[in-house]
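Visitor: Would you mind keeping the following structure in view while I ask a few things?
The values are calculated or read from the model by the stated rules, or taken from the named source; none is laboratory data. Note that the structure is predicted; figures quoted are calculated from it, not measured. Neighbour counts run over all protein chains shown; Cβ positions are idealised from the backbone, glycine included.
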Amino acid sequence: MAMQTERTLDVRPIPPREKHATIFATFDALAPGEAFVLVNDHDPRPLRYQFEFERSGQFTWEYLEQGPEVWRVRIGRTAS
Amino acid sequence: MKLLLSSDALPTASLEVLGEACRRKALAGLELVLGCGQGHHYEALRCPVEADDEVVVPPVPIYWLALPGRPRLSELMTWAGEAHRLGAGLLLWEPVEELPRPVRVALVHGSDPAALALAVHWAQSQGVHTCYQPEPEVLRQGGWEAVLRQTLPTLAHVRLPGSGPEGQTADAPTGVGALMAHLALKAYKGTVALIPSRLEQLPAWKAWLLRRRGWGCGTATAC
């Protein structure tokens with residue numbers, strides 16, 4: 001009965017000041033090889049730059065949908 | 001996880017305006033609260049169970065029909081028929097003696113331990129779902145974690161206060177991000193409806209939902 005199979009983090013309802021911290025906290029909670037799908041209302045390119053600075057070599061980034069209303073990106077933690 | 005708009009956020013709006021607001025914010029669909037004098041007048045339309053000449057065709061998917069209070073058995077069965085036609089579920093605020101199968105049902109609870117225990121027990125014993133509506137102060141203080149530990153196995157819907165336009169202000173409520181991250185990590189696959197945290201916020205919700213802009217991150221382009 002539980003409605004749980006896929007990890008999706010829709011950040012649209014999250015206040016701006018909490019967004020990036022929430023995304024990084026979610027990423028940091030992943031085990032190696034795991035991933036989540038980020039949903040946003042714009043291209044999260046600045047976030048990707050931040051990942052490249054702060055989690056260099058630790059993440060994968062795959063666009064699943066690129067607008068115009070919604071962007072979906074699968075962000076994964078690389079297997080160590 | 002699917003993000004929905006509750007008609008509580010635009011209580012005077014027609015069904016068409018609610019649908020337009022959903023499309024503008026790229027929301028998956030609606031949670032339609034019945035009664036309470038809401039402007040969509042859905043409850044005033046003759047139900048197709050009783051008269052087949054007034055079938056409502058919603059402008060966007062309706063995921064939940066919310067029945068506040070304790071509906072009479074006839075009301076419950078009537079709306080269960082309509083929910084079934086729409087492919088929606090029924091949100092209840094109190095347990096009922098007879099369940100309208102095979103319609104999906106979820107019992108709403110807050111963070112009060114007694115109400116939570118009752119809702120989870122009833123949902124488990126009846127094979128139905130729960131719906132969590134965290135209070136803003138519980139969101140702020142993180143008390144929702146203990147609630148989710150109990151309700152998550154049956155959780156199908158969350159009524160989330162304090163997002164939307166309320167999240168764009170300098171004194172935006174905190175805790176929404178932590179809750180959303182927790183749901184994501186638990187692979188929650190149900191729905192989350194945006195609701196205002198209090199009536200004083202309704203003008204802000206109306207302005208926010210009816211404009212053609214992003215969600216207010218500061219980097220989204222106007223469309």
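Visitor: Could you grab me the full set of residues in the stretch A:29-70 that are closer than 21 Å to B:Gly164 by Cα, assigned to a loop (DSSP other than H, G, I, E, B) and touching a strand residue (DSSP E or B) at 6+ places or on another chain (Cβ under 8 Å)?
Guide: A:Asp41, A:His42, A:Asp43, A:Pro44, A:Val70, listed by residue number.
Okay, residues lined up against (1) at pLDDT 95 or above; (2) within 20 Å of B:Leu32 (Cβ to Cβ):
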| residue | (1), (2) |
| --- | --- |
| B:Trp79 | no, yes |
| B:Glu82 | no, yes |
| B:Arg85 | no, yes |
| B:Leu91 | yes, yes |
| B:Val108 | yes, yes |
| B:Ala114 | yes, no |
| B:Ala119 | yes, no |
| B:Ala123 | yes, no |
| B:Thr130 | yes, yes |
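Visitor: Taking the stated definitions as given, is B:Gly162 free of Cβ contacts under 8 Å to residues at least 40 places away in the same chain, touching a Lys or Arg at 6+ places or on another chain (Cβ under 8 Å), buried (at least 23 other Cβ atoms within 10 Å of the Cβ) and small (Gly, Ala, Ser)?
Guide: no
Visitor: Take the stretch A:26-52 and flag every residue that is among the small types (Gly, Ala, Ser) and within 11 Å of A:Leu9 (Cα to Cα).
Guide: Within the stretch A:26-52, just A:Ala35 meets the criteria.
Visitor: Out of the residues in the stretch A:29-68 meeting the condition of being closer than 30 Å to B:Ser197 by Cα and among the charged types (D, E, K, R), tell me which one is farthest from the other protein chains (Cβ to nearest Cβ).
Guide: The residue in question is A:Asp43.
Visitor: For the stretch B:25-39, indicate whether the set of residues that are farther than 21 Å from B:Leu92 by Cβ, modelled with pLDDT under 85 and not in a helix (DSSP H, G or I) is non-empty.
Guide: Scanning the stretch B:25-39, I find at least one residue that is farther than 21 Å from B:Leu92 by Cβ, modelled with pLDDT under 85 and not in a helix (DSSP H, G or I), so the answer is yes.
Visitor: Going residue by residue through the stretch B:150-157, is there one that turns out to be surrounded by fewer than 18 Cβ atoms within 10 Å (Cβ to Cβ) and either in contact (Cβ under 8 Å) with a residue 24 or more places away in the chain or under 23 Å from B:Gly89 (Cα atoms) (or both)?
Guide: yes
Visitor: Then there's this: Has the stretch A:2-16 got any residue that is surrounded by fewer than 17 Cβ atoms within 10 Å (Cβ to Cβ), at pLDDT below 95 and more than 8 Å from every other protein chain (Cβ to nearest Cβ)?
Guide: No: zero hits.
Visitor: To continue, here is another question. Filter the stretch A:3-60 for residues that are hydroxyl-bearing (Ser, Thr, Tyr) and farther than 18 Å from B:Leu160 by Cβ and give the result.
Guide: A:Thr5, A:Tyr49, A:Ser56, A:Thr60
Visitor: Determine whether A:Val73 is assigned to a strand (DSSP E or B), on the phi < 0 side of the Ramachandran plot, at the interface with chain B (Cβ under 10 Å from one of its Cβ atoms) and within 12 Å of the chain's Cα centre (by Cα).
Guide: No.
Visitor: Hey, does the stretch B:122-134 have a residue that's crowded, with 16+ Cβ neighbours inside 10 Å, closer than 23 Å to A:Ala29 by Cβ and touching a Ser or Thr at 6+ places or on another chain (Cβ under 9 Å)?
Guide: yes
Visitor: Another one. Considering B:Ala187, B:Ala170, B:Ala178, which residue is at positive phi, surrounded by fewer than 21 Cβ atoms within 10 Å (Cβ to Cβ) and within 13 Å of another protein chain (Cβ to nearest Cβ)?
Guide: From the options B:Ala187, B:Ala170, B:Ala178, the qualifying one is B:Ala187.
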